[in-house]
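All remarks here apply to the structure that follows.
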Amino acid sequence: MAAPSLLLLLADGRFPAGAHAHSGGLEAAVAARRVTDLATLAAFLRGRLATAGLVGATFAAAAHRAAPAADRRARLARLDTELDARTAAPALRAVSRRQGRALLRAGRTIWPHIPFADLPGAGGGPHQPLVLGLLGAAAGLDRTETALAAAYGTVTAAASAGVRLLGLDPYHVHALLVDLAGACDATARDAADAADGPPEDLPAVAAPLADIHAEVHATWEVRLFAS
Amino acid sequence: MRAAARLVARADGRGGTTLVELRGETPLLLRQVPTRRGGVTVYVVGGAAGPLAGDDLRLHIEVGAGAAVRVHTVAASVALPGRPDATSRMLVRAVVAAGAALHWLPEQLVAAAGCAHVAESRISVADGGALSWRDELVCGRYGEEPGDAVVDTVVDHGGRPLLRQSLAVGPDAPGWAGPAVLGGAPATGSLLVLDPSRPAEPPLVTAGGTVARLPLAGGPATLWTATAPDAHTLRRHLTPPEAPLATA
C-alpha cells in the first residue's frame, strides 16, 4: 500500500486538475428539473456511481494494471477504444478527454518519470480514467485505491456542484456522501476485480439520461460548469 | 427451457438473398415471410410464455456478403420469474459480412415484477457491412415495478469496438429509476444504425430532452437513445428511416 497521504492527495478536489469546473452532468439534470432537492440529488449520486462511476473506476484500474506491462502502449490504446465504445455521447467523450488533458498537465510536472507518452488520444487528449490509472500506479497506490479515487471523484464533483446549483446545505450534502461511502468502496472493489477481465468484457453500464443531458448541456452558450 | 436457433443467409447471385439455414426450437421458432423488396424477412415466433427465469435461449444469425436480412418478433417478450435464484438468458450472436445488411427490429422486452433476465447481444460487422439494431425495454407491466433486467449490447465493427452498452434496471441496479439514469421513465431503448454509405449525423437532442442522436466514435454509426413514458412513444422515437440501405 502507498502512503495514505497519496491516496488523499489524488482524490482531493483541490488537486490541480480542474475537477471543480465539472458538475458530472448535474447542471443539465438540474436545468431539466430532474434534480430539485436533496432527495433527488441523492438518487442522482447513487445512479451516477453505479454507471459512470463504475465504468470510470474500472478503466482507471485497468490502466493501473497496464502500467507495468511491456505492451503498455498497446493495452492503453485498446482501453481507449473500449472506453470510446462505452461513451456514446460525443460531448461525454470530449469531456473525458478534456479532463484527461488537465490531469496529464498536472501529472507531467508532479511525476515527470511517468510514461505518459504511451497514452493514446493524441488529438483530443487521453481519457481521464487512463491518466488517473497511470498516476495511481506511479504514486504507489494499489489497484483498488486507484479505482476508489476515480469512483469518489465521480460523486464528489456532482455533490459539491449540487451545493452551488441548488443552494443546498453543504452539511446535508456531505451527509449524502457519508451514506454513499459503503457503495463507493464496494464500487472500487468491483472495479478492481473487473479490471482483470478482457477489455471487451469490462463493465459498460449505460445511463441514457447522462448521454442526453450531456448533449443538451454542450449546446448552452452560458453555463456554470464545463460539464 | 433451453433452445437454440440459427439463421444463415447468403446472396443468391441474382441480387437477392436466400436462407441456407433457418431452424429453431420452441420457444425460438423462425418463420420467413414474403418481402416486397430484396432481402428476406424473418419473424421470431414465441412458442411459449416467457422467458421464465431459468430459460436459456440462443439465436445465431449469419449474413453473408451481399445478403440482406430483416428480423422481427411477432410480439413483445415478457421476462417472468421462474425457478428461485435462477436467471433467464437470451443471447443473440450476429455476424454481418462486408456488403451485407442486418436489421434487427424486434418488439419490446418487458421486465415483469420479480423477473431476473439478461438479454445479451454480440454483434460483429465487417468493414462495409450495415446494421440496424434496436433494443427496447419496458420496465414492468402496467403499474408494476420491474424485476432485474440487463440489456447488454456489444458491437464490433471491422474488428474494433463500436458500442458497448449495458442497461440495468430493477432492485439490483442502484439509482436506475433516478435522475442520473432514467428519471422515472418506464420505457427506454436505443437504435443503432451503422451504414457505410451514409456519414454519421451530428448530435441532436429532441422530444423535450428525452431522445438523443449520438454519432459514435468507432465507425459510420449513429445511436439513437431514448426514454419514454410508454412503449408506443418509445417506438416512435426508435423507428429507423424507411429503407435505410440499398440492399434491404
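Overview of values
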quantity	calculated
Answer residue from the range B:135-150, given it is among the charged types (D, E, K, R) and away from every other protein chain (no Cβ under 14 Å) and is farthest from A:ALA183 (Cα to Cα) among those	B:ARG141
For B:LEU28: the one exception among (1) touching a Ser or Thr at 6+ places or on another chain (Cβ under 9 Å); (2) crowded, with 18+ Cβ neighbours inside 10 Å	(1)
Flag for B:ARG164 being of a type outside the set (Phe, Trp, Tyr) and over 18 Å from B:TRP224 (Cα atoms)	no
All positions within the range B:31-76 that are free of Cβ contacts under 8 Å to residues at least 60 places away in the same chain, touching a strand residue (DSSP E or B) at 6+ places or on another chain (Cβ under 6 Å) and farther than 26 Å from B:THR17 by Cβ	B:GLY50, B:LEU52, B:ASP55, B:ASP56
Residue check, A:GLY56 surrounded by fewer than 24 Cβ atoms within 10 Å (Cβ to Cβ), away from chain B (no Cβ under 13 Å) and within 30 Å of A:VAL178 (Cβ to Cβ)	no
Any hit, the range A:8-23, residues being buried (at least 17 other Cβ atoms within 10 Å of the Cβ), at negative phi and among the polar types (S, T, N, Q)	yes
Pair list, Cβ < 7 Å and 6+ apart or interchain, from the range A:67-95 residues that are under 18 Å from B:VAL154 (Cβ atoms) and in a loop (DSSP other than H, G, I, E, B) to residues that are at pLDDT 95 or above and of a type in the set (Lys, Arg)	A:ARG86/B:ARG164; A:THR87/A:ARG93
Given (1) hydroxyl-bearing (Ser, Thr, Tyr); (2) within 14 Å of chain B (Cβ to nearest Cβ); (3) farther than 23 Å from A:LEU41 by Cα, number of the condition A:THR146 does not satisfy	(2)
Tally of residues being surrounded by 21 or more Cβ atoms within 10 Å (Cβ to Cβ) and free of Cβ contacts under 8 Å to residues at least 40 places away in the same chain across the range A:108-122	0
Some residue of the range B:212-219 being closer than 18 Å to A:GLU82 by Cβ and away from every other protein chain (no Cβ under 11 Å)	no
Matching entry among B:THR222, B:THR153 (being more than 8 Å from chain A (Cβ to nearest Cβ), open to solvent by less than 40 Å² (accessible area, probe 1.4 Å) and under 28 Å from B:PRO84 (Cα atoms))	B:THR153
Leading residue by the ranking (farthest from A:ARG65 (Cα to Cα)) among those in the range A:206-220 that are open to solvent by less than 40 Å² (accessible area, probe 1.4 Å) and either among the polar types (S, T, N, Q) or not in a helix (DSSP H, G or I) (or both)	A:ALA207
In the range B:136-147, the residues that are open to solvent by less than 40 Å² (accessible area, probe 1.4 Å), free of Cβ contacts under 8 Å to residues at least 60 places away in the same chain and part of a loop (DSSP other than H, G, I, E, B)	B:GLY140, B:PRO146
Tally, over the range B:156-205, of residues that are facing chain A (nearest Cβ under 7 Å) and aliphatic (A, V, I, L, M)	9
A:PHE225, sole failed condition from (1) in a helix (DSSP H, G or I); (2) in contact with a Ser or Thr (Cβ under 6 Å, 6 or more places away or on another chain); (3) away from chain B (no Cβ under 12 Å)	(1)
Any hit, the range A:97-115, residues being within 14 Å of chain B (Cβ to nearest Cβ) and not hydroxyl-bearing (Ser, Thr, Tyr)	yes
Qualifying residue in the range B:45-60 (condition: at pLDDT 95 or above, of a type in the set (Val, Ile, Thr) and either outside any loop (DSSP other than H, G, I, E, B) or in contact with a Cys (Cβ under 9 Å, 6 or more places away or on another chain) (or both))	no
Count - residues of the range A:166-203 that are part of a helix (DSSP H, G or I), of a type in the set (A, V, I, L, M) and more than 13 Å from every other protein chain (Cβ to nearest Cβ)	8
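The values are calculated or read from the model by the stated rules, or taken from the named source; none is laboratory data. The model shown is predicted, which means the values in this text are computed figures rather than measured ones. Glycine gets a Cβ as well: all are built from the backbone with ideal geometry, and neighbour counts include every protein chain shown. These area figures cover heavy atoms from the full protein model, side chains too; ligands, DNA and RNA do not enter into them. Shrake-Rupley method; radii C 1.70, N 1.55, O 1.52, S 1.80 Å.
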